[in-house]
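Working notes for the structure below.
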Amino acid sequence: MNSPDLIQPEKLLSILFKSPNATAVYTGSEITIVSANQAMIDFWGKDKSVIGKTMAEAIPELRDQPFIDILKNVWNTGETYTARDRAAVLKVNDVLQTFYFDFEYKALLDENGKTEYILHTAFEVTERNKAERLVEEKSRSEQKLINDLSALNEEYMATNEDLISKHDELFASNNELIKTKKELLTANYTLGESEKRFKTLVEKAPVAMASLKGENFEVEIVNDLVLKIWNKGRSVIGLPLEKALPELAGQLFIEILKNVYKTGEAYYGMEDKALIEEDGKLVERYLNFVYQPIFDEKKNSTSILIVASDVTEQVKARESVTEINNRLEIALDASKLGSTEVDLTTGIMQSNAQFKFNYGYMPHEEFNYPDLFEAMLPEYREPVKALVQEAIRTNGIYKAEYPVKWRDGSIHWLQAHGRPRYDDKGVANRMVGMNSDITDKKLIEQRKDDFLSVASHELKTPLTAVKASIQLLNRIKDRPYSPIHVKLMEQSDRGIEKMCMLVDDLLNMSKMGQDQLSLDLLKFNMLEMLSNSCSHISLEDDYKITFNCDENIEVVADQNRIEQVVTNFINNAVKYGKNSKEIHINVEVEDEFVKVSVKDFGQGIPESAIPFVFDRYYRAEHLGKSYSGLGLGLYICSEIIKKHSGKIGVKSKMDEGSTFWFMLPINNN
Ligand code: ADP
């Protein structure tokens, strides 16, 4: 405890804000924050709004930690409190995290000796703490070695009082362990007569050990394990390390050894990379090791003892796990696959962002097993649970497809796979799963089903008419030829013509699907082609088709295919043209393209349907009227135009009509 200080608050605050160290000032028995500099606010993971609040209000996560009570005690007693390496759990970036701090709560007293302010200074030492823990871990693993060493030493240590006392210390305190070992080894080493035994000890040690003598680090004693790491034979004995392992030139080890020799301070290497020569090539090895200096009576270094273990396998294994994880993540990302792991006892899920997104959750939102079933449409819950249970029972994979309702009300179809994991007792405790959004696929499936029913219906209508006509013709076949015969034949002809068109569309569609559409490119005159395309519109029906086209316009394209597109536009203009009998065909040249538009004055297309009219199987709803069709015509048109590197589109307004257009490059190669 330090003695309390007398200080003016104004002076204090000015110092405070200049300080690069995290500093804060509190007052009152409830520890109200008077002021805090940015460094401190950053530690807390908060913002300036904490000023003026009590500590408990400003940093609620501290309520069940000891700090506020300690501060209250400082306030009441006026006694400064300091601590080192103290863990504090703080909510930073919305995540509770543990940090380590060295800090001081300094009581600043008024003239009457009562606490007026508390000055809080803090240094974050999380990294240092981590490093210390690593060293601790390492020293624990070395304890075993030291124990072994001591056991081997016991025999001659018995003859040396000094050694015995140090040996006892070794077991007495864990903290003293490393120091003791140093002293122990120094003592051993200085005992000239014991050198031989020391040599035996190193040679028999269960870990790689070597002793390097003098400032040239002459290889003095080695065991087989160190030779294995070095990939050298016993011939290296007596050579300076630089000659024994020439590949170390340019690596850091010799420099470190020099430093250890000079300063007398041991060096701990953690997973340090060494390049060792093997069959003329440099091979990577990862080593955990200690360079332990050994001293003479005057505390001067005489040699360095190396204790090492080769951790290449572990490092490589970890690297490959990291690599596999990275690859998996890339694959998951690219395929928009969500992945998760469910703790079956608590229902808590660890999911990637895509998994949550598939249920309409943001990455930072909590999403657990109950939320998953809540999102699922109710009628799917029990069947999916049954599939999961079955997978658990058989140690199999479950696969399910189900719709989920996002919190915004939209419905999305998901495909999910999962596999149970079992604990040592064979109880399923986890489920590893994947999901993906299959809404689009489901929509296409749905359209395909609808299409099949429409297609069969569409074919059935003319077929019925043809069948009826032929039956009638059959009945009157023996009667003299009459206008009824002619009418029936015409009727069946129309039915067959209609069926042919439908079958053509179906064939075209399957060709498009397999990208088998080939073009026969030739130069042709636009106006001639357009006139051909309209010839089938019967004049009896009073259609008024107007052309606005320069008679010289020519393009290179597949004339039959383009005619097919125009015919489709015109047929649609007739079909959806309601009572209007007017169709305008316009041709203009825009940049390097010829643009052909077919305008009708029919009922138009609902705005929401416009983006889909060129999709396969798509048929818009036309209020109050149903039209026959497969929803394929415009899809086929757009495929033909795309194949020509052209563009296609529509402009439409309800009750005013539609203008379908396409553009072809004039010089199509
Ligand atoms: P369909 O066989 O249904 O006519 P299309 O692919 O030719 O198939 O057209 C797709 C949909 O686009 C039609 O179902 C219709 O709703 C709409 N459509 C096409 N042309 C017109 C038009 N000129 N006026 C209004 N709607 C049209």
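Details
- Counting only residues that are within 8 Å of the ligand (Cβ to nearest atom) and among the hydroxyl-bearing types (Ser, Thr, Tyr), region 613-646 holds 4 of them.
- Residue selected from region 647-660 under the condition open to solvent by 90 Å² or more (accessible area, probe 1.4 Å) and not acidic (Asp, Glu), by the criterion farthest from the ligand (Cβ to nearest atom): Lys647
- On the stretch given as region 568-612, residues that are over 49 Å from the mean Cα position of the chain (by Cα), of a type in the set (Val, Ile, Thr), open to solvent by less than 10 Å² (accessible area, probe 1.4 Å) and within 12 Å of the ligand (Cβ to nearest atom) total 2.
- Some residue of region 261-279 being buried (at least 18 other Cβ atoms within 10 Å of the Cβ) and aliphatic (A, V, I, L, M): yes
- Enumeration of residues in region 468-492 that are open to solvent by 100 Å² or more (accessible area, probe 1.4 Å) and either closer than 30 Å to Arg616 by Cβ or not in a helix (DSSP H, G or I) (or both): Lys477, Asp478, Arg479, Pro480, Tyr481
- Selection of first residues in region 642-655 that are in a loop (DSSP other than H, G, I, E, B) and of second residues that are of a type in the set (A, V, I, L, M), restricted to Cβ pairs under 6 Å at least 6 apart or on distinct chains, gives the following pairs, ordered by first then second residue: His644/Ala557; His644/Leu664; Gly646/Met663; Gly646/Leu664.
- Qualifying residue in region 330-350 (condition: under 30 Å from Ala210 (Cα atoms), of a type in the set (Gly, Ala, Ser) and open to solvent by less than 70 Å² (accessible area, probe 1.4 Å)): no
- Evaluating Lys544 against the criteria (1) open to solvent by 80 Å² or more (accessible area, probe 1.4 Å); (2) under 18 Å from Phe662 (Cβ atoms) leaves one unmet condition, (2).
- Residue within region 507-529 that is over 58 Å from the mean Cα position of the chain (by Cα), under 22 Å from Lys599 (Cβ atoms), of a type in the set (S, T, N, Q) and outside any helix (DSSP H, G or I) present: no
The values are calculated or read from the model by the stated rules, or taken from the named source; none is laboratory data. Predicted, not measured: the structure shown is a model, and the values here were computed from it. We place every Cβ from the backbone using ideal geometry, glycine too, and count neighbours over all the protein chains shown. To get the accessible areas, we keep the full protein, side chains included, count just its heavy atoms, and leave off ligands, DNA and RNA. Shrake-Rupley method; radii C 1.70, N 1.55, O 1.52, S 1.80 Å.
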